[in-house]
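Visitor: One structure is given below, represented as structure tokens, and several questions about it will come after.
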Amino acid sequence: MPELPEVEITRRHLAVALEGRRIERVVIGHPRTSRLNASPEEVAARLQARSVISLDRHGKLLLGNLDDGQIVLAHLGMSGRFRISPPGSPFDPHTHAVITLDDGAEVRFVDPRTFGFVAVIDGDEVEGSPLSRLGPDAWERPPTVADLQRQLAGRSASIKALLLDQRHIAGLGNIYSDEALFHARVRPTRPAGRLGPVPIGRLLTAIREVLGAAIESGGTTLDDLAYLLPDGQAGDNLPNLAVYGREGLPCPACGTPVSRVVIRARSTHFCRRCQR
Ligand SMILES: [Zn+2]
């Protein structure tokens, strides 16, 4: 699943293509892609002839600010990606939205599993939208140690589960939460409310480091090639992963085979010697 670094790389590419451009035409080809609005036609009609002022990101959500105050929300879901294509180029399978710009370029949304969406809301509809359920962005506005400790206080759920939750800190998914917990030497199954300021401080530092390295290298493209940059290239972060997807392989710090457990139906990787 694309996480903060992959969405940030996508944002940077799309911003170059979109900012200052007028939307000539929108076609949504799958009803699930527009499920936050009434219909594919509604999304198309509301975007038609609008200009894109800027493209932001909060957690894993892309936020396009339009000239009339509307906001485009886009989420890549499990397997979504954007592709910037010249007109007339062949379509990738599972292309479910095509936004044609006034310079002829097409911004295409490819989403095999259709967990992603493209939505348009008014500024006063932010309350109640997926945006309103996100904690501070893990990269742009990370919480302080005291803030995060207050959020986690009294919680018996595992720290891994609460990192995936998005309401305490937004942007981490399965890969980067496993990686950050490894570098912070915190066991993912540890009850979140029992973490003191020292491990929380190590965790926030580790989050910063793993996200920074992943953004630097264009994000993580796994063997399934589900995530690709909008120019079709793969991200180069896979060799930076210490534990994610490495069950049974030696921990890079101590050589102990990497363990795997399931937390909230997600595979969780850790070193039982380094992470106590
Ligand atoms: Zn280890």
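Visitor: Report ³J(HN,Hα) in whole Hz for each residue of the range 256-261, in order, from the Karplus equation J = 6.51 cos²θ - 1.76 cosθ + 1.60 where θ = phi - 60°; Gly and Pro get x.
Guide: Coupling constants for the range 256-261: 5, x, 5, 8, 9, 10 Hz.
Visitor: Taking the inverse of the average 1/r across all pairs of different Cα atoms in the range 39-193, what Kirkwood radius in Å do you get? Don't skip to the end; give the middle numbers.
Guide: Numbers: mean 1/r = 0.0568 Å⁻¹.
This gives a value of 17.6 Å.
Visitor: Right, something else. Once you have the alpha carbon radius of gyration of the chain, what is it after dividing by 2.2 N^0.38 Å, with N set to its residue count?
Guide: My calculation over the Cα atoms of the chain gives 1.05.
Visitor: State the volume of the convex hull built on the alpha-carbon positions of the range 25-112, expressed per residue in Å³ and rounded to an integer.
Guide: Numbers: hull volume 8.4 nm³, N = 88.
Convex hull of Cα atoms, per residue: 96 Å³.
Visitor: Report the semi-axes of the equivalent ellipsoid for the range 4-48 in whole Å, largest first, where each axis is √(5λ) for an eigenvalue λ of the Cα gyration tensor.
Guide: Numbers: eigenvalues 102, 49, 11 Å².
Output for the range 4-48: semi-axes of 23, 16, 7 Å.
Visitor: Also: Sequence gap at least 6, Cα distance under 8 Å: using those rules, report the relative contact order of the range 25-125 to the nearest whole percent. Could the numbers behind the result be given before it?
Guide: Details: 217 pairs, mean separation 32.9, N = 101.
Once divided by the residue count of the range 25-125, the mean separation gives 33 percent.
Visitor: Convex hull volume of the Cα atoms in the range 121-229, per residue, in Å³? Write out the running numbers ahead of the final one.
Guide: Working: hull volume 14.4 nm³, N = 109.
Once divided by residue count, the hull of the range 121-229 is 132 Å³.
Visitor: I'd like the accessible area for His13: 1.4 Å probe, protein heavy atoms, all chains in place, Å² to the nearest 10.
Guide: Accessible surface of His13 is approximately 60 Å².
Visitor: Once you charge only the Cβ atoms, +1 for Lys and Arg and -1 for Asp and Glu, what is the size of the charge dipole of the range 143-276 about its Cα centre, to the nearest 20 debye?
Guide: Dipole magnitude for the range 143-276 comes out near 1000 debye.
Visitor: Within the accessible area of the range 105-200, what % is carbon and sulfur when the probe is 1.4 Å and the other protein chains stay in place? Intermediate results must be reported in sequence, preceding the final value.
Guide: Working: 1900 of 3870 Å².
Ligands and nucleic acids excluded, carbon and sulfur reach 49 percent.
Visitor: Just to check I understand the Karplus step: with θ = phi - 60° and J = 6.51 cos²θ - 1.76 cosθ + 1.60, what whole-Hz values come out for the range 132-137, glycine and proline as x?
Guide: Taking θ as phi minus 60°, the curve returns 6, 9, 9, x, x, 5 Hz for the range 132-137.
Visitor: What is the dipole size for the chain, taken about its Cα centre, with +1 at each Lys and Arg Cβ and -1 at each Asp and Glu Cβ, in debye to the nearest 20?
Guide: Numbers: 34 positive and 32 negative charges, 347 e Å.
Using only the charged Cβ atoms, the result is roughly 1660 debye.
Visitor: Let me ask you something else. Around Gly69, under 13 Å between beta carbons, what's the net of Lys plus Arg minus Asp minus Glu among the other residues? Let's see the in-between values first.
Guide: Details: positive: Arg46, Arg50; negative: Asp67, Asp68, Asp122, Asp124, Glu125.
Within the 13 Å Cβ shell, the charges total -3.
Visitor: Once you have a ≥ b ≥ c as the square roots of the Cα gyration tensor eigenvalues for the range 62-109, tell me rounded if a/c is under 1.5, and otherwise prolate or oblate according to whether a/b is larger than b/c. Working shown, then result.
Guide: On the way: a/c = 3.21, a/b = 1.21, b/c = 2.64.
It comes out oblate by the Cα gyration axes.
Visitor: Shifting gears a bit: Relative contact order of the chain: what whole-number percent is it, with Cα pairs under 8 angstrom and at least 6 residues apart?
Guide: On the way: 604 pairs, mean separation 50.0, N = 276.
Answer for the chain is 18 percent.
Visitor: What figure, in Å² to the nearest 10, do you get for the accessible area of Phe115 with a 1.4 Å probe and non-protein molecules left out?
Guide: Here the residue's solvent-accessible area equals roughly 100 Å².
Visitor: Let me ask you something else. Using each residue's phi in the range 9-18, evaluate 6.51 cos²θ - 1.76 cosθ + 1.60 at θ = phi - 60° and report the 3J(HN,Hα) Karplus result to the nearest Hz, with x for Gly and Pro.
Guide: Once θ is set to phi - 60°, the couplings for the range 9-18 become 4, 4, 4, 4, 5, 5, 4, 4, 6, 9 Hz.
Visitor: Give the accessible surface of the range 15-131 per residue, rounded to a whole number of Å², with probe radius 1.4 Å and ligands, DNA and RNA excluded.
Guide: Values: 5090 Å² over 117 residues.
Here the per-residue accessible area is 44 Å².
Visitor: Could you give the accessible area per residue of the range 138-276, probe 1.4 Å, as a whole number in Å²?
Guide: Numbers: 6390 Å² over 139 residues.
Counting only protein heavy atoms, the per-residue value for the range 138-276 is 46 Å².
The values are calculated or read from the model by the stated rules, or taken from the named source; none is laboratory data. Keep in mind it's a predicted model, so treat the numbers as computed, not measured. So basically every Cβ, Gly included, is an ideal-geometry build from the backbone, and we count neighbours across all protein chains shown. For accessibility, only protein heavy atoms count, side chains too; no ligands or nucleic acids. Shrake-Rupley method; radii C 1.70, N 1.55, O 1.52, S 1.80 Å.
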